[in-house]
There are 2 protein chains.
Amino acid sequence: MCQLLGMNCNTPTDISFSFEGFHRRGGLTDHHADGWGIAFFEGKGCRLFIDDRPSCDSPVAEMVRRYPLKSENVIAHIRKATQGVVSLANTHPFIREMWGRYWIFAHNGNLHDFDPAPAAYFHPVGSTDSERAFCLLLERLRQRWSEQPSQEEVFDAIAEVVDEVTGHGIFNFILSNGEALFAHCSTHLHYLVRQAPFQSAHLIDEDITVDFSTLTTPQDRIAVIATQPLTDNEHWTRLLPGELLMFSQGRVALRRQGTHPPVEASVPCPG
Amino acid sequence: MCQLLGMNCNTPTDISFSFEGFHRRGGLTDHHADGWGIAFFEGKGCRLFIDDRPSCDSPVAEMVRRYPLKSENVIAHIRKATQGVVSLANTHPFIREMWGRYWIFAHNGNLHDFDPAPAAYFHPVGSTDSERAFCLLLERLRQRWSEQPSQEEVFDAIAEVVDEVTGHGIFNFILSNGEALFAHCSTHLHYLVRQAPFQSAHLIDEDITVDFSTLTTPQDRIAVIATQPLTDNEHWTRLLPGELLMFSQGRVALRRQGTHPPVEASVPCPG
């Protein structure tokens, strides 16, 4: 299995602190050593760094740690291969263009007997179940709309595909188009929102503390999503199985409740 | 205008030497300081590094210089903006997936009154003429074939689109899908093929010499393509306006002659 990290903010923010703890799980404090990647949106532009070496030993990760990139939406992934060999083509996150925007996707889980029919718009390059799921998700959206519809419509359509795919296994994922960030939980996914009054946070994987009040303005709002909590002195909310969230501007904007009990419609969140 | 660098090899090869001279043109030995990028194919997988800072002052370029990535196909670009602001979304090379492979494209030139009709499969994310041309090129291929046809068919189809686009201005470009590398010259493009017996090469932009005979095996063959020659003691072949080449396995595999006089058909090259 793998680990996911996501960030969605209302102002371009440096993810260094969270990445510092996260990247150590790629072979140092945990066993996810089969490659890693991170994508940073800057407006509609996107940088995607991937490496098939463990993140704790990757020159690309070393560069990311030292180059404080500010981004509104970030998705990172460290891989423990379950399907597909260790190779660059199988390294998350994956990228595609749809409706004139880049879409980025990373998956934690394992899908069985999952082999969607050949599609018109999106095709896997590698051999993972994860990339097949990403392509199916985009294909369903693109088949329905030739231009980007409202975020609510996208959210509801994603929820439908999620229900289709989760029949095949574990499907924790983070997805973003640079505007909003979608997070789905099958088994393990946590999030928190940092906002004023900002406090100090202490990493679990390394003895590092940051006082966010010295690095932020009172208007800043930052949502961080991770497979397992990254800090030990903040309140992380655990998502329930089946929960699907859409983050926008650093807060939960849309939420579909967990499937126990099932709640189908998306409802706006006051944030 | 911008500068292009490409490499196509019959064995995964480190591009460090060529990149060493090339990246200095991004603000140090030349004035192309509006961002840069480089893509490395490893099999079907692809790493794309882009940065909107000048390459001579980019932490990403510094990392690329120190991390000897071996690749069969590389495309790099340093940008002097002509159309579109300096931003990540406008930074070459651009990436798309088609027929289950990544396609990478970088352009040197400037296209006027070039605004293709909205398409079905590929849409620009940024605001450059270059990305519009890339999307048009892929769109024409994808509209014709739903699965990848022969390299000869792809080559001839690219030649048709090239003729359509060059009516709008200067269209030097390098394109690759990780198998083959296509290079088209409107004004400035040079190439050479390094093969046994390997010799020493000396950079133009920096006083560095490499003896390739100590770094290669007799079977290696490496084609390097660049806007302007990178070395001053090797024989670079200048492409003629209208010439379109397809490199495969480190040699010229298909060639369309320059358009003065026009020669339409692609002809295999003995290499």
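Rounded to the nearest whole Hz, the Karplus-based 3J(HN,Hα) values (6.51 cos²θ - 1.76 cosθ + 1.60, θ = phi - 60°) of region A:183-193 follow the sequence 10, 10, 10, 9, 9, 10, 6, 10, 8, 8, 10, with x at glycine and proline.
Counting only helical runs of four or more DSSP H residues, what would the 222 nm mean residue ellipticity of the protein assembly as shown come to if each run contributes -39,500 (n - 2.57) and the total is spread over all its residues? Write out the running numbers ahead of the final one.
On the way: 8 runs with 98 residues, N = 542.
Rounded to the nearest 500, the figure is -5500 deg cm²/dmol.
Under the definition of Cα pairs under 8 Å and six or more residues apart, what whole-number percent is the relative contact order of chain B?
Working: 651 pairs, mean separation 55.4, N = 271.
Worked out over chain B, it gives 20 percent.
Please work out whether the protein assembly as shown counts as rounded, prolate or oblate from its C-alpha gyration tensor, where a ≥ b ≥ c are the square roots of the eigenvalues and a/c under 1.5 means rounded, while otherwise a/b larger than b/c means prolate and anything else oblate? Here the protein assembly as shown falls in the prolate category. At the listed q of 0.08, 0.09, 0.11 Å⁻¹, the Debye profile of chain A, built from one uniform point per Cα, gives log10 I(q)/I(0) equal to -0.28, -0.36, -0.55. Of all the options B:45, B:21, B:178, the one that moves most in a Gaussian network model of chain B with Cα springs shorter than 10 angstrom is B:45. When residue B:12 is represented by a point 7 angstrom out along its Cα-to-C-beta vector, the spacings to that point in the other copies are 3.4 nm, nearest first. Converting phi to 3J(HN,Hα) with the Karplus coefficients 6.51, -1.76 and 1.60 and the offset θ = phi - 60°, region B:216-222 yields 10, 10, x, 7, 5, 9, 10 Hz in sequence order, with x at every glycine or proline.
Can you put B:227, A:209 in order of Cβ neighbours within 10 angstrom, beginning with the fewest?
On the way: B:227 24, A:209 11.
Fewest-to-most ranking of B:227, A:209: A:209, B:227.
Coupling constants for region A:72-85 follow from the phi torsions by the Karplus curve (6.51 cos²θ - 1.76 cosθ + 1.60, θ = phi - 60°), and in residue order they are 8, 9, 10, 10, 10, 8, 10, 10, 10, 4, 10, 10, x, 5 Hz; glycine and proline get x.
Centre-to-centre separation between the Cα atoms of region B:83-147 and those of region A:193-255: 37 Å. Within 10 Å of the Cβ of each residue in B:125-138, the mean number of Cβ atoms contributed by other protein chains is 1.
Need one value for B:77-89: mean number of C-beta atoms belonging to other chains within 10 Å of its residues' C-beta atoms. Show your work: numbers first, answer last.
On the way: counts 0, 0, 0, 0, 0, 0, 0, 0, 0, 0, 4, 10, 9.
Taking all residues of B:77-89 together, the mean is 2.
Under a 5 Å amide H cut-off, with hydrogens placed 1.01 Å from N, residue B:239 pairs with B:189, B:190, B:191 among residues at least 5 apart or on other chains. Springs between Cα atoms under 10 Å define the GNM used for chain B, and in it the highest mean-square fluctuation of B:170, B:38, B:78 occurs at B:170.
Is the shape of region A:27-136 rounded, prolate or oblate, going by the alpha carbon gyration tensor and its root eigenvalues a ≥ b ≥ c, with a/c under 1.5 for rounded and a/b larger than b/c for prolate? Judged from the Cα gyration tensor, region A:27-136 comes out oblate (a/c at least 1.5, b/c at or above a/b).
Going highest first, how would you order A:249-255, A:236-242 by mean Cβ packing within 10 Å? Numbers along the way, then the final one.
Details: A:249-255: 19.7, A:236-242: 16.0.
In descending order of packing, they fall as A:249-255, A:236-242.
Where chain B is rotated onto chain A, the residue of B whose Cβ comes nearest the axis, and that gap in whole Å, is B:63, 2. Taking the label point 7 Å along Cα→Cβ, residue A:59 and its counterparts in the other copies are spaced 1.7 nm apart, in ascending order.
Pull out a ≥ b ≥ c, the square roots of the eigenvalues of the alpha-carbon gyration tensor of region B:137-195, then state rounded if a/c is under 1.5, prolate if not and a/b is larger than b/c, and oblate in the remaining case. All intermediate terms of the calculation are to be shown ahead of the outcome.
Details: a/c = 2.66, a/b = 1.18, b/c = 2.25.
Here region B:137-195 falls in the oblate category.
Remark: A:246, B:98, B:7 ranked as B:98, A:246, B:7, counting other beta-carbon atoms within 10 Å and listing the fewest first. Taking amide H positions as modeled 1.01 Å from N, with prolines and chain starts lacking one, the residues under 5 Å from residue A:169 and 5 or more places away or on another chain are A:112. Inter-chain Cβ neighbour count for B:37-50, averaged per residue, equals 4 (cutoff 10 Å, partner chain atoms only). Per-residue Cβ neighbour counts within 10 Å put B:144, A:79, B:53 in the sequence B:144, B:53, A:79, beginning with the fewest. GNM remark for chain A: springs join alpha carbons under 10 Å apart, and the peak mean-square fluctuation among A:119, A:201, A:183 falls on A:119. Position residue A:29: other-copy label points at 4.5 nm, ordered by increasing distance, label point 7 Å along Cα→C-beta. Each Cα pair under 8 Å and six or more residues apart adds its sequence gap; the mean of these over the residue count of region A:1-142 is a relative contact order of 26 percent.
Readers should treat all values here as calculations from the given coordinates under stated rules, not as data from a laboratory. On a predicted model such as this, the values are computed, not experimentally measured, just so you know. FYI the Cβ positions are ideal-geometry reconstructions off the backbone, even for glycines, and counts take in every protein chain you see.
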